[in-house]
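Below: the structure, in structure tokens.
The values are calculated or read from the model by the stated rules, or taken from the named source; none is laboratory data. Quick caveat, the model's predicted, so the values are computed rather than measured. Neighbour counts are summed over all protein chains in view; Cβ atoms, including those assigned to glycine, are modelled from backbone coordinates with ideal geometry.
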Amino acid sequence: MRNPLLVKFFLVFTIFFSMTIFAKEAEISSEETKTDLKTEIDEYIQHHLKDSHDFSLFSYTGSDGAEHHAGFPLPIILWDDGLVVFSSSKFHHGEEVATSGENHYKLDHGKIYKTDATGTINYDADHHASNIKPLDFSITKSVMMILITGFLMLLLFGGLARSYAKNGGIAKGVGRFFEPIILYIRDDIAIATIGEKKYQKYMPFLLTIFFFIWFLNMFGLTPLGVNVTGNIAITTALAILTFLITNLTGTKTYWKHLFDPLGDSMPWYAKIPLYIILIPIEVLGIFIKPFSLLIRLYANMQAGHIVIMSLIGLMFLFKNWIGSSLSFGLAFAISLIEILVALLQAYIFTMLSALYFGFASEEHEHAEAH
Amino acid sequence: MEKLIEDFSLGLFFWQTLLFMALVLLLWKYAWKPILSAINDREEGIKNALAAAEEAKKEMQNLTSDNEKLLKEARAERESLLKEAREIKDKIVTDAKELAQTEGDKLIKQAQATIESEKKAAVADIKNQVAQLSVEIAEKVIKEQLSNKEKQLKLVDDMLGDIKLN
């Protein structure tokens, strides 16, 4: 904060924010509306964290009192005794029953249920909907973001690849910024953990996973508000790929380490009682490693989003300009930290994947050192 | 945990796996492979250039040391050549001196021998002439003396006396 201009800007910005909240306060000020606002914010955060069937950018209450959504619908693809495809605009943001052929569907908490023509959803004792859930392969907001990110990566790195050919081995353009990162992943992640001999076959996966997670994390911080990497299905898919690559490329030494960790250091009859405990632990380990990957990324991104959105929500709850500007400053600081976390989580996922690949591709002479 | 399982969307999982694998393959083909090979080529190029520079430097050093060696050798050769020449010169001079000496000696000896023989010849010639002269003188004397009897007799006596002396 050495820059006085920056301090001034920051101050004006905070005051301006508090003023708008003041203005709002004039309209709604009773205790009742405060609890309403609380639940509304809570629901909004919950809604934001979930995947959505339409790409809504923001919603507002119009002069006519009705809620309007700005954004665009996405295709719904269902498997319900045959392929069912229709636009998500039919749901009207979960307010109406979508009809496709003879089937009726309704959205409930972001999930599609098969209903009757009136859209009745039956709840069981635990408030879970008991209607039939068709298999949902819709292009949701997250899938859309994955497509956009993938397209962006292809454009960016394809361009970088072409610039090498054009400029005689020297990068040009935006890609230039990413070249040192690619080099870092190659030298300090892949070669350092897997080794000079075998790192090459893992490089495409490591580079893709790093930039994929990083970009999606960064998109999550934009006002687009997509929480892709904080979705358990996404992190599970990534972790399962790491798990498969680790175990499918596992060498003889890797499997020997798993099922005969002590080797020839003691006779077989001495090993039996130890192995009753050791082998289950080792086998459990192969599953725990990718599981920790998926939980770590999911929890970090999810938590980051919850904290930032809660702090932003707090601004509207405080309704006085000291508390609101304070929570704005806090939200701002957390956002900066989240930018770091976005990079850090991508790095950790890549680094640990590389580490597991390193274990899997271990050669015999290396194992002798143990 | 229950919430996690409920949140798990199979459709999203399916799309993520499919799209991510497609992305890995596409990026592998169109981005990572050319990028990594370009970087590798560049690094190889730099390595090779550095090695070549090192090699050139070494060669340069070798060349200078070679030059110095050659110069040293040439200097040594010149030195030895000069020394040899001096030796040859000295030898020639001494040889010439010796030869002159012996030749001179020989000449002197010959001259001496000639002188000796000339002298002998001259002495012999003088002896002959002296003898002739003496004979002539004696003849004249005898002729003179034989003109008177007395003198003839005396002469015979003298001669006889001479023979005895010889």
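For this structure, a couple of remarks:
- Looking across A:161, A:165, A:171, one residue alone is without any contact (Cβ under 8 Å) to a residue 24 or more places away in the chain, touching a Ser or Thr at 6+ places or on another chain (Cβ under 6 Å) and facing chain B (nearest Cβ under 9 Å). It is A:171.
- Residue match in region A:257-279 (condition: assigned by TED's automatic domain parsing to the domain that holds residue A:222, part of a helix (DSSP H, G or I) and under 21 Å from residue A:194 (Cα atoms)): yes
- Identity of the residue in region B:1-49, over 16 Å from residue A:212 (Cα atoms), of a type in the set (Gly, Ala, Ser) and assigned to a helix (DSSP H, G or I), that ends up farthest from the other protein chains (Cβ to nearest Cβ): B:49
- Qualifying residue in region A:132-142 (condition: crowded, with 18+ Cβ neighbours inside 10 Å and at pLDDT below 75): no
- Taken over region A:315-346, the residue count meeting the criterion of being closer than 24 Å to residue A:242 by Cβ and surrounded by fewer than 17 Cβ atoms within 10 Å (Cβ to Cβ) is 3.
- Filter pass, residue B:57 being free of Cβ contacts under 8 Å to residues at least 40 places away in the same chain and more than 9 Å from chain A (Cβ to nearest Cβ): yes
- Residue in region A:161-173 that is surrounded by 13 or more Cβ atoms within 10 Å (Cβ to Cβ) and within 22 Å of residue A:240 (Cα to Cα) present: no
- Some residue of region A:332-345 being outside any helix (DSSP H, G or I) and acidic (Asp, Glu): no
- In the set A:285, A:304, only one residue is assigned to a helix (DSSP H, G or I), crowded, with 22+ Cβ neighbours inside 10 Å and more than 14 Å from chain B (Cβ to nearest Cβ); that residue is A:304.
- Elements of type strands (runs of 3 or more DSSP E) contained in region A:77-187, each with 2 or more residues being within 28 Å of the chain's Cα centre (by Cα): A:83-87, A:103-108, A:111-115
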